[in-house]
Every structure is written in structure tokens, then in C-alpha cells.
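> This structure is in C-alpha cells; I'll ask about it shortly.
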Amino acid sequence: MEQEEAIDAAHQDPYLTTHPLTPDRIAFVKDHLARSPYKDAQLPSGFDSGFDMVKAKLDGFLDSPGPTYRAYAAKETTPAVRYARVVLSHRMGDEAGSLRLLDGLIAEQPSSPWLQELKGQVLFESGSGRAALAPYQQAVRLAPDQPLIRQSLAHVMIESNDPALLRPAIDHLQTALRYDREDDETWHWLGVAWGRLGNLGEANLALAEEAMLQNDIRSARRFAQEAAGALPPGPSKLRALDISNAVKRENRT
């Protein structure tokens, strides 16, 4: 960094020009860390193993399979290594191998919602949508306050094309929105579910919310106006009118 700062300004990294990392700033950080009341604090029990599991899952999904297989060698049997290989096997189309490894991890960690969630994902993406319901439902029982798990379960319910599962899917999506109203995909699936039940007012309202989050103002206005015209008096109709009026007030039409 000091060498970079010694370079003529015209040839410096633009970031360092506006964010100089001088020895004084480094010294400031060191002093802050030395004075911090948390400098000797220990990480919570299980933090390292939990971090390793998160990293393994991300590596499995995001990195190229070849290097990741080598990084997570089969001869190692730690939970993180097997977790990465669950994902890699799934990505390579080996559903049976992926599920075999995953079931072993679940037997060791039966209270983990994330393992159940991943099992549901593997089954669903492998074409076993009905079988995916049970692990997703178990994941929700283990982590009822995690909106993304509820969203995934609702998605599987909707894609099952079973009319009896549409209302439970809506319940899960509405619960998810109580935790996070900024997820456009949750609104999308709520719109789909209401539409399949024939409630076009609620369907269009949900799609208006989705469009607003995506900054698709033209669609938001159209869906909100259609929702306001179809909904009976009540909170949903007022929300549709609020969206429509907000678009007009901001002159974003």
C-alpha cells in the first residue's frame, strides 16, 4: 500500500486516491482494536463449525465442480466436506449420492433446518416435488421465523398443482412477509397462488407489490389499478389505492 501511495498520482489506483490507506490509518485501526472491550472475546461455541458449513455450501453451489471436489476431498469425512459434496453431487445430477450424504448429515444433526431445507431443494430440483414437501415442512417446524424457508415450501406447494395446497401456501407466504416485506419473490408467488384460487384482486395487489420492489412502475400502476377495481372495501383495497396514488404523486408514471 505504501508503494502504491508513492506512485505518481496519475498512475495510482483510483480507489486509493479517494480512500488512502496510509500508515496513520492503519495505526488508528490497530489502536482501536487494542482498546476494544471485545479484543479477548471468544467466538460462541460451534461458531467455527457453523461457519465451515456455510462456506462449504457456498463453495458447492458457486465454484466450479472440479476444483471444489479437489478442495473437499472424499477421504475427509468432516460435516463441512460432506455438505459440500452433497451440493456438488446434486449439481452433477447424482441425486441418489447427494441424498445419501445428506441423510447421513441429518441423522447427525436432526435439529438443523438448513439440512432439511437443502434436502427439499435437492428433491424438488430433481423432479421429486411431492417428496420435497416433507423436508421443507420439517425445516419450517425447526425454524418458523425464517421467511426464505417458508417461501421455498410455498413455492413447492404451488408447483405441485394441487389445489388443496394453495391456501396453505398463501398462509406460509403471508407469514414470510411478516418477517420480510422486501422480498419480491415472495410477493410473486403470493400473486400466483391467489390467481390460481381465482382471487384476482389479491393476486394483482401482490403483483403490484412485486413490481414496486423491482422499480417496474408501469406494471405497478397497472396491477394496483386492477386490484383496486376488483377488491371489496378493506385494507387490501386501501393498499392498492395507496400504491396507485404513490406512483402518481411521485410523477413516476
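> Helices (runs of 4 or more DSSP H) wholly in segment 132-237 with at least 2 residues that are within 23 Å of the chain's Cα centre (by Cα) and under 30 Å from residue 110 (Cβ atoms) - which ones?
On the way: elements: 147-159, 166-179, 184-196, 200-213, 217-230.
Fully inside segment 132-237 and qualifying: 147-159, 166-179, 184-196.
> Determine whether residue 152 is surrounded by 14 or more Cβ atoms within 10 Å (Cβ to Cβ), closer than 20 Å to residue 57 by Cα, of a type outside the set (A, V, I, L, M) and out of contact with any Gly (no Cβ under 9 Å at 6 or more places or on another chain). Spell out how you get there, then give the answer.
Values: surrounded by 14 or more Cβ atoms within 10 Å (Cβ to Cβ): yes; closer than 20 Å to residue 57 by Cα: yes; of a type outside the set (A, V, I, L, M): yes; out of contact with any Gly (no Cβ under 9 Å at 6 or more places or on another chain): no.
So residue 152 does not fit the description; no.
> Let me ask something additional. Could you list, in sequence order, all residues of segment 77-131 that are under 21 Å from the mean Cα position of the chain (by Cα) and polar (S, T, N, Q)?
Passing the criteria: 111, 112, 116, 121, 126.
> Any chance segment 72-93 includes a residue that's surrounded by fewer than 23 Cβ atoms within 10 Å (Cβ to Cβ), aliphatic (A, V, I, L, M), out of contact with any Leu (no Cβ under 9 Å at 6 or more places or on another chain) and under 30 Å from residue 196 (Cα atoms)?
No, segment 72-93 contains no residue that is surrounded by fewer than 23 Cβ atoms within 10 Å (Cβ to Cβ), aliphatic (A, V, I, L, M), out of contact with any Leu (no Cβ under 9 Å at 6 or more places or on another chain) and under 30 Å from residue 196 (Cα atoms).
> Residue under question is residue 26, and the condition is that it be surrounded by 11 or more Cβ atoms within 10 Å (Cβ to Cβ), out of contact with any helix residue (DSSP H, G or I) (no Cβ under 6 Å at 6 or more places or on another chain) and at pLDDT 80 or above; does it hold? Working first, answer last.
Values: surrounded by 11 or more Cβ atoms within 10 Å (Cβ to Cβ): yes; out of contact with any helix residue (DSSP H, G or I) (no Cβ under 6 Å at 6 or more places or on another chain): yes; at pLDDT 80 or above: yes.
So residue 26 fits the description; yes.
> Got at least one residue in segment 229-251 being crowded, with 17+ Cβ neighbours inside 10 Å, modelled with pLDDT under 95 and small (Gly, Ala, Ser)?
Looking for residues that are crowded, with 17+ Cβ neighbours inside 10 Å, modelled with pLDDT under 95 and small (Gly, Ala, Ser), one finds at least one in segment 229-251, hence yes.
> Consider only pairs whose beta carbons are under 9 Å apart and that are at least six residues apart or on different chains; among these, list those whose first residue lies in segment 79-91 and is at negative phi and whose second residue is polar (S, T, N, Q) and crowded, with 23+ Cβ neighbours inside 10 Å.
If the second residue must be polar (S, T, N, Q) and crowded, with 23+ Cβ neighbours inside 10 Å, the pairs left are 85/98; 86/98; 87/98; 88/98; 89/98; 90/98; 91/98.
> I'd like the full set of residues that are surrounded by 10 or more Cβ atoms within 10 Å (Cβ to Cβ) and either at pLDDT 85 or above or among the hydroxyl-bearing types (Ser, Thr, Tyr) (or both), limited to segment 34-53.
Residues satisfying the conditions are 36, 49.
> While we're on this one: So, in segment 106-126, how many residues would count as being of a type outside the set (S, T, N, Q) and buried (at least 20 other Cβ atoms within 10 Å of the Cβ)?
Within segment 106-126, the first condition is being of a type outside the set (S, T, N, Q), and the residues that meet it are 106-108, 110, 113-115, 117-120, 122-125.
So of that shortlist, the ones also buried (at least 20 other Cβ atoms within 10 Å of the Cβ) come out as 115, 117-120, 122-124.
The number of residues fulfilling the criteria is 8.
> Against the definition (touching a Pro at 6+ places or on another chain (Cβ under 9 Å), surrounded by fewer than 17 Cβ atoms within 10 Å (Cβ to Cβ), of a type outside the set (Ser, Thr, Tyr) and modelled with pLDDT of 95 or more), how does residue 181 come out, yes or no? If you could, list the steps in order and put the result at the bottom.
Values: touching a Pro at 6+ places or on another chain (Cβ under 9 Å): no; surrounded by fewer than 17 Cβ atoms within 10 Å (Cβ to Cβ): yes; of a type outside the set (Ser, Thr, Tyr): yes; modelled with pLDDT of 95 or more: yes.
In short, no.
> Is there a residue in segment 208-231 that is within 30 Å of residue 122 (Cβ to Cβ), without any contact (Cβ under 8 Å) to a residue 60 or more places away in the chain and in contact with a His (Cβ under 9 Å, 6 or more places away or on another chain)?
The answer is yes, given that some residue of segment 208-231 is within 30 Å of residue 122 (Cβ to Cβ), without any contact (Cβ under 8 Å) to a residue 60 or more places away in the chain and in contact with a His (Cβ under 9 Å, 6 or more places away or on another chain).
The values are calculated or read from the model by the stated rules, or taken from the named source; none is laboratory data. Not measured: the values here are computed from a predicted model. Here the Cβ is made from the backbone with ideal geometry for all residues, glycine too, and neighbour counts use every protein chain on show.
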